[in-house]
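**Q** My questions will all concern the structure given below.
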Number of protein chains: 2
Amino acid sequence: MTDIAPVLASADRNLQASLDRLFELVKIRSISTDPAFKADCRKAAEWLVAELTALGFDASIRDTPGHPMVVAHHAAVSENAPHALFYGHYDVQPVDPLNLWEDDPFEPAIKERDGRQVITGRGTSDDKGQLLTFLEACRAYKDVHGGLPLCITILFEGEEESGSPSLKPFLSANAAELKADYALVCDTGMWDKDTPAIAAALRGLVGEEIVVKAADRDLHSGLYGGAAANPILILSKILAGLHDDTGHITLPGFYDGVEETPSNIKAAWETLGRDAESFLGEIGLSIPSGEKGRSVLELTWARPTAEINGIIGGYTGDGFKTVIAAQASAKISFRLVGHQEPAKIRESFRAYVRSKIPADCTVEFHEHGGSPAIQLSYDSPVLTKAKNALSDEWPKPAIVIGMGGSIPIVGDFQKMLGMDSLLVGFGLTDDRIHSPNEKYDLQSFHKGIRSWVRILDALAA
Amino acid sequence: MTDIAPVLASADRNLQASLDRLFELVKIRSISTDPAFKADCRKAAEWLVAELTALGFDASIRDTPGHPMVVAHHAAVSENAPHALFYGHYDVQPVDPLNLWEDDPFEPAIKERDGRQVITGRGTSDDKGQLLTFLEACRAYKDVHGGLPLCITILFEGEEESGSPSLKPFLSANAAELKADYALVCDTGMWDKDTPAIAAALRGLVGEEIVVKAADRDLHSGLYGGAAANPILILSKILAGLHDDTGHITLPGFYDGVEETPSNIKAAWETLGRDAESFLGEIGLSIPSGEKGRSVLELTWARPTAEINGIIGGYTGDGFKTVIAAQASAKISFRLVGHQEPAKIRESFRAYVRSKIPADCTVEFHEHGGSPAIQLSYDSPVLTKAKNALSDEWPKPAIVIGMGGSIPIVGDFQKMLGMDSLLVGFGLTDDRIHSPNEKYDLQSFHKGIRSWVRILDALAA
């Protein structure tokens, strides 16, 4: 480790210039999902290439069938330094409905909100402000030391908010160039405004739609009720049988690959004060519904689920119709953890469903995506170094958390480039990403830059 | 009994005149549900009053808030003769889509179809042809004997195809005038073209809609899945628990008032050749789904059911959405038999549902109708006389059957006027009532008239 005090001082001293650069980037209307903003997306990519080049990176635009990627490389001061790939995205969500914005989404400003200084505007938190924390940290480092402590490759995507259609082909075609020792991903949040967080467990997903078919037409329930198979009833029995009375999922082999969370991690989660009352109270509930004897954080971060996301069959309009439907369907998703295998879960589910279908009825399956969980080490050297670095910067120690949903890029890096990710970000839950009045706390930006200074330094050691 | 041979001969001799009258009535476009045909409905009622008056009835139009009723009275030749109320309806279903009709629906004609002579046109079977079989039988009787063997009151309704909104108030306001020893209802069908049928068991109905509510908003299944209650899952468990593995319905007290069908009736049903293969084969199924060990006719005519008629919750569009819905709802109906009480069934169901709702969730109930089953005696003197009379007329003996659905008028007569009904009709399953190309077999009309001659005579004895 070097003496980072002067680097932090440089970051502090140049904060206004850093903000000026963020404002420039936020003003570019890089809404990736709307073709009307195609040129703006390119402009944002070009702006980043210019900034990276000025910073001494070997940076270039890389065209894709959609919006371009930005790739840049910078050597480390030491030949033996680790090599990190930093990922962020320069595209933003649409801004409708515009009338709900208190400020112009593309005219960023510093405002006071709830007693805090915030930077207003679309993309300030997701993800322009976040990716710039890293670039400004690099700038401060070079400003003081003339170089970077790590070998750094940058990958900025312009389609994250529109499904990343070009990402996998691009990773595949440029694997050798993009492969590093690990990835740094800055697109997540803090636990709270004083407590930094590193996400280490991301649940995977298996989506399935099933269509149960019985008679070859809708039937009158007076004429046929009691003798003809009712697909809604069959479907209900299938869905009701997915869990036993303790909330355990009954599919054979379902828990293969599920590991218990280390007790020290669970103990750390217990200290967060996020109990059932607070977690469920916000949504009008009070009783954890899943497996018994586990905290809500464990249930949502580290345990697998079987959820029904939609169901439809028969007559669903106003009033009543005495019909026995010809078919009924449901959308079911499984959240996966640890090393559960999506293909095996899907096959176990399908075998279970088939076993519940009467011989004169049929079932159709439609696959809706499948990705394994990401289970990063809770105590790898990289994670431990970053955790300590974050703890040095913020009022409270950093915690390692899980996330209920998945971040596809992390799985892609693992699968296609064979590298784990370190997920560090400075967003807050009240940042209103994807909504009107998005903001990024000034503290998130400022201390975010300082955090990356500390992490870069720690990772080089 | 009188000598009915000359009466039957009169009916035969005057068949063409009877058909001419039917054609006149079918030509009147009395579509009750469409306000554009309001005057036509009145014209049909006036036509019937004129015909009844010509037949010697004391007949009149009775205005209602909707289409008018026709009421008529005729004394019997003998003062001690029984008093029967004959019910039919002069209104018909709409004729859309008109382009599917092979003949003009309001220009009746005799055609050959599938080797049989049929009368084409809207309402020929439902119910103009049927109600005229009775009037023409009265005409033949009077033609020969100068009077009628029973005291007869006629009630013709003009709103049967549009929900009968005026019927109950009319029965209530005119109960004394309409009360008879029993009702004769001619709006049902034969078992097959050679086998007349009398319906004696009509299932009742309890309709319920339940709305299960969990969180106060839709949730992201990644963030909350595994901890937050899923209303679709709760609903599935409720519905799946309605039946045990033998198809028995589990609600406490559900079978109170259910009686076993007499073994001689069940034996008669066995002779009809309507087994699971033929009954279910027509709709693409093969395995009876309800209570084990009972025939499909018993299951649909004489056993109660719990059916789910509709279900909806969460995301049901194309693709997938990882949502945990705030609520889910289902429409459930129970078919009742014997003396099951709708109010008790509803309360037992609601208590069961409430017992399955987690303490932090809620359920709403919406009532959708309730009517008890109609269980007429399988061997009353009236039924036995009619059965023998029908057996004398047709190639095969008459059978007493059940019906899976309800005919509300029969319940109204029982409840409001304290009289049972005899349900005799000559429709065939291929009459296409409510559909394009409705027809009534010429044999149904001709032998229908002859059947009523025999029944009237038998009932007078």
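Laboratory data are not the source of any read-out in this text; all were calculated from the coordinates shown. Note that this is a predicted model, so its numbers are computed, not measured. Using ideal geometry, Cβ is built from the backbone for each residue, glycine included, and neighbour counts are taken over all protein chains shown.
**Q** What is the Cα radius of gyration of the range B:8-65 over 2.2 N^0.38 Å, N being its residue count?
**A** In units of the globular-protein estimate, the range B:8-65 measures up at 1.33.
**Q** Roughly how many debye, to the nearest 20, is the charge dipole of the range B:276-417 about its Cα centre, given +1 on each Lys and Arg Cβ, -1 on each Asp and Glu Cβ, and no other charges?
**A** It works out to roughly 300 debye.
**Q** On to the next question. Per residue of A:274-283, how many C-beta atoms from partner chains lie within 10 Å of its own C-beta, taken as a mean?
**A** Across A:274-283, the average partner-chain Cβ count within 10 Å equals 3.
**Q** Another one. Taking θ = phi - 60°, what integer Hz values does the Karplus form 6.51 cos²θ - 1.76 cosθ + 1.60 yield along the range B:191-208, in sequence order, with x for Gly and Pro?
**A** The phi angles translate into 5, 8, 5, 10, 10, x, 9, 10, 8, 10, 10, 10, 6, x, 8, 10, x, 9 Hz.
**Q** Just subtract the alpha-carbon distance of B:Glu270 and B:His73 from 0.36 nm times their residue separation and send over the number in nm, one decimal. List each step's numbers first, then the result.
**A** Numbers: separation 197, 0.36 × 197 = 70.92 nm, distance 4.12 nm.
Value of the extension gain: 66.8 nm.
**Q** Report the trypsin sites (Lys or Arg not before Pro) located in the range B:173-239 that are in a DSSP loop and have at most 15 other Cβ atoms inside 10 Å of their Cβ, or state none. Kindly include the intermediate steps, with their values, before the conclusion.
**A** On the way: sites: B:Lys179, B:Lys193, B:Arg203, B:Lys213, B:Arg217, B:Lys237; in loops: B:Lys179, B:Lys193, B:Arg203, B:Arg217.
Here the sparse-neighbourhood loop sites are B:Arg217.
**Q** On to the next question. I'd like to compare B:330-340, B:376-386, A:37-47, B:166-176: which one has the highest average count of other Cβ atoms within 10 Å, and what's the full order after that? It would help to have the intermediate numbers written out before the result.
**A** Numbers: B:330-340: 24.1, B:376-386: 17.4, A:37-47: 19.5, B:166-176: 15.4.
With the highest mean Cβ count within 10 Å placed first, the list reads B:330-340, A:37-47, B:376-386, B:166-176.
**Q** While we're here: Let me see the P(r) profile for chain B: every Cα-Cα distance counted, bins of 20 Å, each bin given as a percent of all pairs.
**A** Bin by bin from 0 Å, the calculated values are 22, 50, 23, 4, 0.
**Q** Considering only DSSP beta bridges where both residues belong to chain A, give the percentage that are antiparallel (nearest 5).
**A** Around 70 percent of the beta bridges assigned by DSSP in chain A are antiparallel ones.
**Q** Which FRET efficiency value, to the nearest 0.05, is calculated for B:His83 and B:Arg432 with the Förster distance at 25 angstrom and r the Cβ-Cβ distance?
**A** 0.10
**Q** So if the hydrodynamic radius of the range A:330-392 is defined as the Kirkwood radius over C-alpha pairs, what does Stokes-Einstein give as its diffusion coefficient at 10 °C and 1.306 mPa s, in µm² per second?
**A** The calculation lands on 105 µm²/s.
**Q** Okay, moving on. So what does log10 I(q)/I(0) come out to for the range A:396-461 at q = 0.22, 0.23, 0.29 Å⁻¹, using the Debye formula with one equal point on every Cα and no solvent?
**A** After summing over all Cα pairs, the log10 values are -1.19, -1.21, -1.21.
**Q** Report, as an integer, the average count of C-beta atoms from other chains found within 10 Å of each Cβ along B:294-303.
**A** 3
**Q** Is the C-alpha gyration tensor of the range A:200-318 telling us rounded, prolate or oblate? Criteria: a/c under 1.5 is rounded; beyond that, a/b larger than b/c is prolate, otherwise oblate.
**A** Numbers: a/c = 3.21, a/b = 2.23, b/c = 1.44.
In terms of gyration-tensor shape, prolate.
**Q** Ordered by residue, what ³J(HN,Hα) values in Hz, to whole numbers, does the range A:73-84 give under the Karplus form 6.51 cos²θ - 1.76 cosθ + 1.60, where θ = phi - 60° and Gly and Pro are x?
**A** Using θ = phi - 60°, the values come out as 10, 8, 6, 8, 5, 10, 5, 8, 5, x, 10, 10 Hz.
**Q** For the protein assembly as shown, give the share of DSSP beta bridges that are antiparallel, in percent and rounded to the nearest 5; count only bridges with both residues there. Mind dumping the intermediate values first?
**A** Working: 109 of 153 bridges.
Here the antiparallel bridges make up roughly 70 percent for the protein assembly as shown.
**Q** Sort A:226-234, B:50-58, A:143-151, B:396-404 by packing, meaning the average of other beta carbons within 10 Å per residue, with the highest value first.
**A** Working: A:226-234: 27.7, B:50-58: 16.2, A:143-151: 18.9, B:396-404: 20.6.
Taking the mean over residues of other Cβ atoms within 10 Å, the ranking is A:226-234, B:396-404, A:143-151, B:50-58.
**Q** Can you pull a Stokes-Einstein diffusion coefficient for the range B:101-169 at 20 °C (1.002 mPa s), Rh from Kirkwood over Cα pairs, as a whole number of µm²/s?
**A** Answer, rounded: 145 µm²/s.
**Q** Which listed residue (B:Gln375, B:Thr153, B:Gly222) has the Cα farthest towards the positive end of the charge dipole for chain B, taking +1 on Lys and Arg C-beta and -1 on Asp and Glu C-beta about the Cα centre?
**A** Positive-end residue among those listed: B:Gly222.
**Q** On to the next question. If you rank A:Val77, A:Val453 by fewest surrounding Cβ atoms within 10 Å, what's the result?
**A** By the 10 Å Cβ count, ascending: A:Val77, A:Val453.
**Q** With the cut-off at 26 Å, report for the range B:329-461 the share of all Cα pairs above it, as a whole percent.
**A** Tail of P(r) above 26 Å: 45 percent of Cα pairs.
**Q** At A:Thr53, with labels set 7 Å past Cα in the Cβ direction, how many nm apart are the copies from this one, shortest first?
**A** Spacings between copies for this position, smallest first, are 10.2 nm.
**Q** Output the direction-averaged projected area (hull surface divided by four) of the convex hull of the alpha-carbon atoms of the range B:78-219, in nm².
**A** If you wrap the Cα atoms of the range B:78-219 in a convex hull and average its projections, you get 16.3 nm².
**Q** Which of the three applies to the range B:1-99, rounded, prolate or oblate, going by the alpha-carbon gyration tensor with a ≥ b ≥ c and a/c under 1.5 meaning rounded?
**A** Numbers: a/c = 2.71, a/b = 1.54, b/c = 1.76.
It is oblate, given that a/c is not under 1.5 and a/b is not larger than b/c.
**Q** Could you tell me whether the range A:86-130 comes out rounded, prolate or oblate from its Cα gyration tensor? Rule is a ≥ b ≥ c as square roots of the eigenvalues, rounded for a/c under 1.5, then prolate if a/b exceeds b/c, otherwise oblate.
**A** oblate
**Q** Can you compute the helix-only [θ] at 222 nm over the protein assembly as shown? Use -39500 (n - 2.57) per DSSP H run of at least 4 residues, normalise by all residues, nearest 500 deg cm²/dmol. Numbers along the way, then the final one.
**A** Working: 30 runs with 315 residues, N = 922.
Calculated at 222 nm, the ellipticity per residue is -10000 deg cm²/dmol.
**Q** When you look at the Cβ of every residue in B:236-243, what mean number of other chain Cβ atoms sits within 10 Å?
**A** Mean number of neighbouring Cβ atoms from other chains: 6.
**Q** Of the listed peptides A:418-424, B:262-268, B:29-35, what is their order by residue-averaged count of other C-beta atoms within 10 Å, with the highest listed first?
**A** With the highest mean Cβ count within 10 Å placed first, the list reads A:418-424, B:29-35, B:262-268.
**Q** Using only the Cα atoms of the range A:50-121, what do you get for the radius of gyration and for Dmax, in Å?
**A** Both quantities, over Cα of the range A:50-121: 18.1, 53 Å.
**Q** Which residue, chosen from A:Asn264, A:Ala386, B:Met69, occupies the Cα position most advanced towards the positive end of the dipole of the protein assembly as shown, where the dipole is computed from +1 (Lys, Arg) and -1 (Asp, Glu) charges on Cβ about the Cα centre?
**A** A:Asn264
**Q** Taking the Cα centre of the range A:1-63 as the origin, how large is its charge dipole in debye, to the nearest 20, when only Lys and Arg (+1) and Asp and Glu (-1) carry charge on their Cβ atoms?
**A** Working: 8 positive and 10 negative charges, 48 e Å.
That gives a dipole near 220 debye.
**Q** Let me ask you something else. Dipole size in debye (nearest 20) for chain B around its Cα centre, Lys and Arg Cβ +1, Asp and Glu Cβ -1?
**A** 580
**Q** Quick one: Karplus J couplings for the range B:155-167, per residue in order, coefficients 6.51, -1.76, 1.60, θ = phi - 60°, nearest Hz, x for Gly and Pro?
**A** Here the 3J(HN,Hα) series is 10, 10, 9, x, 9, 5, 7, 9, x, 6, x, 8, 5 Hz.
**Q** Follow-up question, since we're still on this one. Sticking to Cα atoms, compute the Rg of the protein assembly as shown to one decimal and its Dmax as the biggest Cα-Cα distance, whole number, in Å.
**A** When restricted to the Cα atoms of the protein assembly as shown, Rg and Dmax are 38.4, 125 Å.
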